[in-house]
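Just so it is clear, none of the values below were taken in a lab; they were calculated from the coordinates. Keep in mind that what you see is a predicted model, and the values were worked out from it rather than measured.
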Amino acid sequence: MDENHSLRPTTPYGASKIASDHLVLSYIRTFGVDASIIRPFNTYGPRQNEGSYAGVIPLTIRRILDGESPVIYGDGMQTRDLTYVTDTADATVKIYRAKSTRGKFWLLFYVCRET
């Protein structure tokens, strides 16, 4: 998935994210708001809530520290993009500082790999 991915959500959650993105874009066009849309994917790091969706990292670490085996679903070959919190913060600052990013979507797992 990249910034040119089609916007056809299949869930209400996905639709709500796109609706928010389009609201920001309308403010950019209508009022000249200086904005970009930054969408981080599964950010993890210190002080992360173990109960959150992306909590797979602290939950797995906790299980290992407690002498338990990590939980593996299915065949274990599934993948997920995870971005460390400082990479998310660094990419956000870089996007903010680059005026060419205005009015565009930025998926941070993609940006972090490229920079």
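3J(HN,Hα) along the range 31-43: 10, x, 4, 7, 8, 10, 9, 10, 10, x, 10, 6, 6 Hz, from the Karplus curve 6.51 cos²θ - 1.76 cosθ + 1.60 with θ = phi - 60°, whole Hz, x for Gly and Pro. Amide H contacts for Phe41 (H built 1.01 Å from N in the peptide plane; partners 5 or more residues away or on another chain; cut-off under 5 Å): Leu108, Phe109.
Each residue of the range 57-71 was assigned a 3J(HN,Hα) from its phi angle through the Karplus expression (A = 6.51, B = -1.76, C = 1.60, θ = phi - 60°), giving 5, x, 5, 5, 4, 4, 4, 5, 5, 7, x, 9, 7, x, 7 Hz with x at Gly and Pro.
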